[in-house]
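Inspection log for the structure reproduced underneath, given as structure tokens.
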Amino acid sequence: MNGMEIVQRAKEQLQMLTGLHPDTVSKLKKEDDGWHVVIELLELKVVPDSKDILATYATILDAEGNIVSYERINRYRRGEVG
């Protein structure tokens, strides 16, 4: 699988596991233990959009594109810088 396919698989599986909508992908890296993909997920939609609550999830996928682990590593408001 190539990087684009891995990202798509990661987004689809993470959405099914968490019930949350993927927003952006902030990291994609191939390591010895698999593909590492970091995805921002929308946890809470509010008005205005700058107040949305997002969370950063780190995932590891195997060579076939299956998630073998994931964890939430950060939570923040969309408008926060840092």
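For segment 3-77, compute Rh as the Kirkwood radius over C-alpha pairs and then the Stokes-Einstein diffusion coefficient at 37 °C and 0.692 mPa s; write the answer in µm²/s, rounded to an integer. Please list the in-between numbers first.
Details: Rh = 12.4 Å.
It diffuses with D of about 264 µm²/s by this estimate.
List the lysines whose Cα sits under 25 Å from the Cα of Lys51, skipping any in the same chain fewer than 8 residues away.
Straight-line reach from Lys51, under 25 Å: Lys11, Lys27.
Using a Förster distance of 30 Å, how high is the FRET efficiency between Ala63 and Leu42, based on the Cβ-Cβ distance and rounded to 0.05? Mind showing how you got there, number by number?
Values: r = 29 Å, r/R0 = 0.96.
It comes out at approximately 0.55.
Label 7 Å along Cα→Cβ of Gln13; segment 40-82 residues with amide nitrogen under 11 Å?
Counting only backbone N, you get 59-70.
Can you compute 3J(HN,Hα) from phi for each residue in segment 42-49, using the Karplus curve 6.51 cos²θ - 1.76 cosθ + 1.60 with θ = phi - 60°, rounded to whole Hz and x for Gly and Pro?
7, 8, 8, 8, 9, 10, x, 4
Which value in deg cm²/dmol, rounded to the nearest 500, describes the helix-derived mean residue ellipticity at 222 nm for the chain, given -39,500 (n - 2.57) per DSSP H run of n ≥ 4 and division by the residue count?
Numbers: 1 runs with 16 residues, N = 82.
Helices in the chain give a 222 nm mean residue ellipticity of -6500 deg cm²/dmol.
Could you work out how far helix 3-18 tilts from the main Cα principal axis of the chain, as a 0 to 90 degree angle to the nearest 10?
60 degrees
Read-outs throughout are calculated quantities, based only on the coordinates presented, and are distinct from any laboratory measurement. Values in this document were obtained by computation on a predicted structure and should not be read as measured data. Cβ: placed from backbone, ideal geometry, glycine included. Neighbour counts: every protein chain shown.
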